[in-house]
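Below is one structure, written out as structure tokens; comments come after it.
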């Protein structure tokens with residue numbers, strides 16, 4: 001099977017080698033698969049639990065939800081993103097959504113939109129051109145889903161699913177890429193180009 005990311009080495013969309021599979025419990029709907037990562041630098045074991053719809057339900061060990069250490073990203077954002085990922089892997093989808101919301105608010109604050117309420121921070125980010133208009137609906141979804149944690153009687157709690165929590169975490173990843181990873185990569189390319197120009201002069 002192909003996993004979105006190896007929880008041991010962090011390689012994305014990695015192929016795995018099946019080693020063992022069994023129902024757990026024997027009359028249950030989930031199937032437990034023991035596989036190994038095919039990245040030659042890893043080859044470690046991974047336990048993958050698949051539900052009756054063939055969807056990955058859990059992965060052990062918990063995944064690596066890390067950003068490139070060489071890129072300057074505030075520790076608070078790194079920590080919130082990591083915790084949101086760990087909660088997602090553990091099946092704590094509501095907790096993951098809350099941490100994704102927190103991470104998004106930190107990202108916007110780091111870009112100068114430090115309003116106390118996230119809805120105001122998103123509006124400010126759009127007005128100031130910090131946040132692309134195309135991202136606005138997604139940012140609002142992160143806010144709305146993240147708010148579920150503060151309203152235990154909310155009818156929308158049923159939407160705290162693996163899929164929605166994963167989507168929110170993915171959007172936060174896009175935001176971090178937009179404000180930190182892409183500029184860092186652009187700076188590397190510029191430095192490399194400047195170096196080549198100097199060497200040819």
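We did not get these values from a lab; they are worked out from the coordinates using the rules stated. Predicted, not measured: the structure shown is a model, and the values here were computed from it.
For Rg/Rh (Cα atoms, Kirkwood Rh), the candidate list reads (i) 1.24; (ii) 1.05; (iii) 1.45; the entry that matches the value derived from this model is (ii). Pairs of Cα atoms nearer than 8 Å and 6+ residues apart set the relative contact order; for the chain it is 14 percent.
With contacts taken as Cα pairs under 8 Å at a separation of at least 6 residues, the stretch 2-60 carries a relative contact order of 26 percent. The value of relative contact order for the stretch 75-191, using C-alpha pairs under 8 Å at least six residues apart, is 31 percent.
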